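Asks: Let me begin by handing over the structure; questions about it come next.
The values are calculated or read from the model by the stated rules, or taken from the named source; none is laboratory data. Model, not experiment: these values are computed from the prediction. Quick reminder, even Gly has a Cβ in these numbers, built from the backbone with ideal geometry, and neighbours come from all protein chains shown. For accessibility, only protein heavy atoms count, side chains too; no ligands or nucleic acids. Shrake-Rupley method; radii C 1.70, N 1.55, O 1.52, S 1.80 Å.
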Amino acid sequence: MPFHRLIVWAGALWMLALCGDVMAQDDTTLAQSVNGTGYRLGQGLPLGDTGFTLGGYGSAQWQTLEAAEPRIALSHFSLFLWWEGNGGFKFFSELDNEETQNDRDVDQDGRHYLSVERLYVDYSFSDALTLRAGKFLTPIGRWNQVHADPLVWTTSRPLLTREFFPDNATGLMAIGVVNLLGQPLEYTAYLSGGAEVRPDPGQDPFTDACGLRINLPLGSNLQLGFSAASFRQADEVSVRKHLAGVDFMWTLHGYELSGEGIYRRAETSPQQLVKGAFVQGVVPLGLHVSAVGRLEATSALDQNDATRRRVLGLVYRPDRAWSIKFEAVRDSGAGIVSNGMLASASVLF
Amino acid sequence: MVGGILALVASLWSAQAFGEESGIAIVMAPNAVPGHVNRDELALIFKRKKRYWESGERVQPVNLPATHLLRRAFTMQVYNHTPEELEDYWRDQYFQGVLPPYVLASEEAVIRLVSATPGAIGYVSACSTDHRVVVVLRLEGGPACGH
């Protein structure tokens with residue numbers, strides 16, 4: 001694994017950071033000049049007084065992995081369109097011209113497709129209860145709900161967020177914030193009957209699912225999350241799976257420590273027991289550059305060994321809207337092995 | 001000696017009598033005041049987690065620019081974070097179709113908008129408040145008046 005390349009990339013990144021500081025001064029001018037239109041990069045474009053807002057993100061990815069040709073691809077070009085009036089209704093949609101990250105039923109030429117990532121209508125009765133109907137991101141753990149490239153610290157996704165459950169569900173959801181012993185507890189409960197709108201060809205979609213997630217802030221720096229779900233998937237519709245997960249995130253002055261753990265068992269197939277966890281740390285280095293490291297482990301009862309992944313990278317993130325990432329990935333064990341380097345540039349617009 | 005003590009007493013009295021105020025005043029329109037607003041509710045309001053008053057009316061929080069000294073003091077008081085440290089939060093919220101509170105350029109603009117907008121809530125220096133708004137909560141800190 002060419003870890004020495006990381007040093008070369010680090011130097012290049014540092015140069016970019018220096019250039020970026022100069023560019024940031026121009027960005028201020030740019031932001032001011034376009035303020036008259038109501039647009040700022042990373043905050044969407046309000047469409048007049050209609051209540052509609054248009055936004056999105058794009059990302060390009062470069063990867064060189066063992067046993068694969070180096071490749072550059074536009075991994076995502078995603079458009080958000082949402083409407084919110086003064087009443088309780090809200091509409092949200094996300095269309096994504098994406099390159100699927102999973103290998104199921106796809107070949108190298110068939111990875112790009114137009115995905116309906118999210119398409120739903122909300123009605124808010126109060127802060128404690130909003131009902132959502134449509135297609136939404138599966139609320140298991142923290143990563144899956146903010147998995148877009150500009151929002152996360154690495155180009156690669158943690159294995160457990162890709163392999164243990166589908167990204168999306170179509171159905172009904174209840175969302176709210178309630179007071180628990182003086183703390184604002186956020187909950188999400190959902191029910192899906194399958195019938196996925198434009199399912200990702202690389203994923204095994206739900207045929208039915210129900211679940212609950214709660215998120216509890218503990219002070220201003222720490223959040224704890226718990227997820228539980230029961231579901232069946234299209235590939236093995238007779239097998240019901242039960243999943244439990246825990247996650248946390250701690251942040252302070254640019255430092256970040258987060259992690260997720262998942263345990264999933266199959267009701268009628270004991271050998272399908274899988275579990276996994278990751279922990280990720282972020283350390284600010286200055287000049288808008290942060291170092292990121294992640295350790296992952298997943299294991300399945302029907303495999304003899306666990307899969308372990310180590311990710312080490314640098315991220316240049318000058319503001320809310322855009323970022324450049326470089327990382328080295330090293331896998332070991334029984335699962336999918338993808339040692340190599342990844343890089344990406346992404347912008348939230 | 002006696003003169004000095006008298007001068008000290010006089011200065012303390014005048015400060016009390018003329019109500020020299022300091023701190024950050026959380027303000028709303030006089031005819032749109034909820035029962036109370038506490039610090040926890042304020043934290044939820046300016047993160048757009050609390051979106052409705054008890055009357056069912058939409059909460060309309062109003063911010064000052066991120067570089068404004070009062071905004072920085074307010075954010076530190078309420079969240080123990082700088083506005084820059086909340087950027088990650090707002091990036092995540094944007095992905096869910098939730099935008100940060102509306103930003104106005106000055107405290108006077110905040111008072112004007114809050115006094116004229118049902119459900120609006122903002123913050124100004126305590127010494128900037130006047131009859132157009134009522135103070136629903138007072139926080140410590142903030143730049144000295146005139147800054």
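Asks: Round to a whole angstrom and tell me the spacing of the C-alpha centers of the range A:273-315 and the range A:141-176.
Replies: 16 Å
Asks: Output wanted: per-residue J couplings in Hz (rounded whole) for the range B:45-50, from phi through Karplus 6.51 cos²θ - 1.76 cosθ + 1.60, θ = phi - 60°, x for Gly and Pro.
Replies: 4, 7, 9, 6, 8, 9
Asks: Let me ask you something else. Rounded to the nearest 5, what % of the DSSP beta bridges within the range B:21-139 are antiparallel ones?
Replies: Values: 11 of 15 bridges.
Taking every DSSP beta bridge with both residues in the range B:21-139, the antiparallel ones total about 75 percent.
Asks: Taking θ = phi - 60°, what integer Hz values does the Karplus form 6.51 cos²θ - 1.76 cosθ + 1.60 yield along the range A:133-141, in sequence order, with x for Gly and Pro?
Replies: For the range A:133-141, the Karplus-derived couplings read 10, x, 9, 9, 6, 5, x, 10, x Hz, x marking Gly and Pro.
Asks: Another question about this same structure. Using 0.36 nm per residue of separation minus the Cα-Cα distance, give me the extension gain between B:Asn31 and B:Ser106 in nm, one decimal.
Replies: 24.7 nm
Asks: Separate question: Obtain the nm distance between the two label points defined at A:Glu66 and B:Cys145 by a simple spin-label model: each point lies 7 Å from its Cα along the Cα-to-C-beta direction.
Replies: 7.0 nm
Asks: Kindly sort A:Phe278, A:Phe125, A:Phe91 by accessible area of their heavy atoms, largest first, with the probe set to 1.4 Å. List each step's numbers first, then the result.
Replies: Details: A:Phe278 15, A:Phe125 120, A:Phe91 60 Å².
Descending accessible area places them as A:Phe125, A:Phe91, A:Phe278.
Asks: Could you give me the ³J(HN,Hα) list for the range A:239-248, computed from phi with Karplus coefficients 6.51, -1.76, 1.60 and θ = phi - 60°, whole Hz, x at Gly and Pro?
Replies: 9, 8, 10, 10, 10, 10, x, 9, 8, 8
Asks: Taking amide H atoms as placed 1.01 Å from N in the peptide plane, list the residues 5 or more away in sequence, or in a different chain, whose amide H sits under 5 Å from that of A:Gly42.
Replies: Those lying under 5 Å, H to H, from A:Gly42 are A:Phe349.
Asks: Let me ask something additional. Using r as the Cβ-Cβ distance of A:Leu181 and A:Ser332, and R0 as 45 Å, what FRET efficiency do you calculate, to the nearest 0.05? Could the numbers behind the result be given before it?
Replies: On the way: r = 43 Å, r/R0 = 0.96.
It comes to 0.55.
Asks: Within the range A:172-199, list the residues whose amide N lies under 19 Å from a label point set 7 Å along Cα→Cβ of A:Leu222.
Replies: Output list for this probe position: A:180-186.
Asks: Which value, in debye to the nearest 20, gives the size of the charge dipole of the range B:39-147 about its Cα centre, when Lys and Arg are +1 and Asp and Glu are -1 at the Cβ?
Replies: Values: 13 positive and 13 negative charges, 43 e Å.
The dipole of the range B:39-147 has a size of about 200 debye.
Asks: Kindly state, as a whole number, the per residue volume in cubic angstrom of the convex hull around the alpha carbon atoms of the range A:137-286. Walk me through the intermediate numbers first.
Replies: Details: hull volume 17.8 nm³, N = 150.
Per-residue hull volume (Cα only) is 119 Å³.
Asks: At 7 Å along Cα-to-Cβ for each site, give me the label-to-label distance between B:Ala66 and A:Phe52 in nm.
Replies: Each label point is offset 7 Å from its Cα along the Cβ direction, giving 2.8 nm.
Asks: Extending each Cα 7 Å along its Cβ direction at A:Phe89 and A:Leu74, get the distance between those two points in nm, one decimal.
Replies: 3.3 nm
Asks: Same structure again: If R0 is 56 Å, what FRET efficiency do you get for B:Met76 and A:Ser238 from their C-beta distance, rounded to 0.05? Provide the component values of the computation, followed by the final result.
Replies: Numbers: r = 56 Å, r/R0 = 1.00.
For R0 = 56 Å, the calculated efficiency reads 0.50.
Asks: Positive end of the dipole of the range A:256-349, charges at C-beta (+1 Lys, Arg; -1 Asp, Glu), about the Cα centre: which of A:Pro284, A:Ala345, A:Ser299 has its Cα farthest in that direction?
Replies: Looking along the dipole axis, the top candidate is A:Pro284.
Asks: May I pose another question? At q = 0.18 Å⁻¹, what log₁₀ I(q)/I(0) does the range B:21-139 have when each alpha carbon counts as one equal point scatterer in the Debye sum?
Replies: -0.90
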